[in-house]
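Okay, so here's the structure we're looking at.
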Amino acid sequence: MELVIAFLVGAILGSFLNVVAYRVPKGRSFVTGRSHCPHCRALIAFYDNIPVLSWFLLAGRCRRCRKPISPRYPAVEFVFACLTAALWSRWPGQTLWGVGVVLACGALLAVALIDWDTFIIPDGLSLGLLAAGIPISLVNPLLGAGGQSWLLPLWFSVRGAAVGFAMCWGVAAAGEKIFGKEAMGGGDIKLLAAVGAWTGALGAFDCLMIGSLLGSCYGIAQMASGRLKRSDPIPFGPFLAAGAVFNFFYLVPLGFPFV
């Protein structure tokens with residue numbers, strides 16, 4: 001029953017993340033104002049705003065103007081519903097940490113969507129994640145919370161943020177020097193610092209490796225299909241976000257120096 005509730009809550013949160021991803025790049029509030037059709041601007045009634053289900057009942061079209069609504073909306077809702085249930089199952093009996101990690105993954109998903117659309121990672125999301133990651137380290141099992149000292153998880157979180165920032169900054173600086181252009185933006189650097197605050201130095205390292213692998217695979221596939229040129233930019237935030245979400249389930253035991 002708990003997993004069913006987690007799935008439903010995740011679907012609702014996924015609907016909210018769609019609003020965040022749509023409004024934040026436009027500089028609009030995602031807290032106030034009702035949802036509306038992006039084509040005719042008609043307000044969406046509550047019965048047409050049921051996560052996942054309403055899109056199918058309306059055949060993917062606005063009730064008023066009948067223009068198509070992107071299938072990305074129900075996809076985000078369904079994916080985050082499944083992710084929420086999976087996270088709740090992964091961390092049973094750890095309510096505060098479970099809620100925190102679900103919200104963190106929600107922020108990561110919003111980052112991925114916004115960066116994919118605009119090549120921008122809003123500071124409010126990355127720095128907000130960073131600010132939240134340090135105090136929640138006191139209940140963070142990835143950082144050894146629950147042991148004899150409450151200072152150790154706090155130290156691991158701060159160290160992880162610093163290591164994440166330094167690693168990403170170093171890669172960005174080296175890439176710019178080698179290729180003569182920006183390899184990674186400041187948003188990516190802040191995001192990896194935030195990931196380090198939540199998953200420690202090992203998590204930041206894992207995230208950078210996993211994100212780089214996924215990004216490389218995507219870029220190679222797109223160039224092979226002719227959709228991208230070698231000089232075309234690729235948003236790195238979505239791949240870092242994917243690596244961070246993976247970290248919340250499992251930290252790859254790469255060992256030294258981040259044990």
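The values are calculated or read from the model by the stated rules, or taken from the named source; none is laboratory data. Note that the structure is predicted; figures quoted are calculated from it, not measured. Cβ atoms come from the backbone with ideal geometry, glycine included; neighbour counts cover every protein chain shown.
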Fill in the blank from the handout: Scanning region 198-239 residue by residue, those free of Cβ contacts under 8 Å to residues at least 24 places away in the same chain and assigned to a loop (DSSP other than H, G, I, E, B) turn out to be Ser225, Gly226, Arg227, Leu228, Lys229, Arg230, Ser231, Asp232, Ile234
Practice task
Could you tell me whether any residue of region 15-26 is surrounded by 14 or more Cβ atoms within 10 Å (Cβ to Cβ) and more than 21 Å from Ala110 (Cα to Cα)?
Solution key: no
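Can you tell me which residue within region 146-163, out of those that are in contact (Cβ under 8 Å) with a residue 12 or more places away in the chain and surrounded by fewer than 20 Cβ atoms within 10 Å (Cβ to Cβ), is farthest from Ala110 (Cα to Cα)?
The selected residue is Trp150.
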Exercise for the section: Kindly indicate the residue of region 10-38 that is part of a helix (DSSP H, G or I) and charged (D, E, K, R) and also nearest to Val52 (Cα to Cα) among those meeting that condition. Expected result: Arg23
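To keep it simple, each residue is scored yes or no on (1) within 18 Å of Asn247 (Cβ to Cβ); (2) in a helix (DSSP H, G or I); (3) outside the structural domain of Leu17 (by TED's automatic domain parsing); (4) touching a Gly at 6+ places or on another chain (Cβ under 7 Å).
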position: Leu138; (1), (2), (3), (4): no, yes, yes, no
position: Gly146; (1), (2), (3), (4): no, no, yes, no
position: Cys168; (1), (2), (3), (4): yes, yes, yes, no
position: Gly175; (1), (2), (3), (4): no, yes, yes, no
position: Ile178; (1), (2), (3), (4): no, yes, yes, no
position: Lys181; (1), (2), (3), (4): no, no, yes, no
position: Gly187; (1), (2), (3), (4): no, yes, yes, yes
position: Leu191; (1), (2), (3), (4): yes, yes, yes, yes
position: Val195; (1), (2), (3), (4): yes, yes, yes, yes
Problem - Lone qualifier among Phe7, Phe56 - being over 30 Å from Phe249 (Cα atoms) and not in a loop (DSSP other than H, G, I, E, B) - result: Phe56
Exercise for the section: Could you list all residues from region 205-259 that are at pLDDT 90 or above, of a type in the set (S, T, N, Q) and surrounded by fewer than 18 Cβ atoms within 10 Å (Cβ to Cβ)? Expected result: Ser212, Ser216, Gln222, Ser225
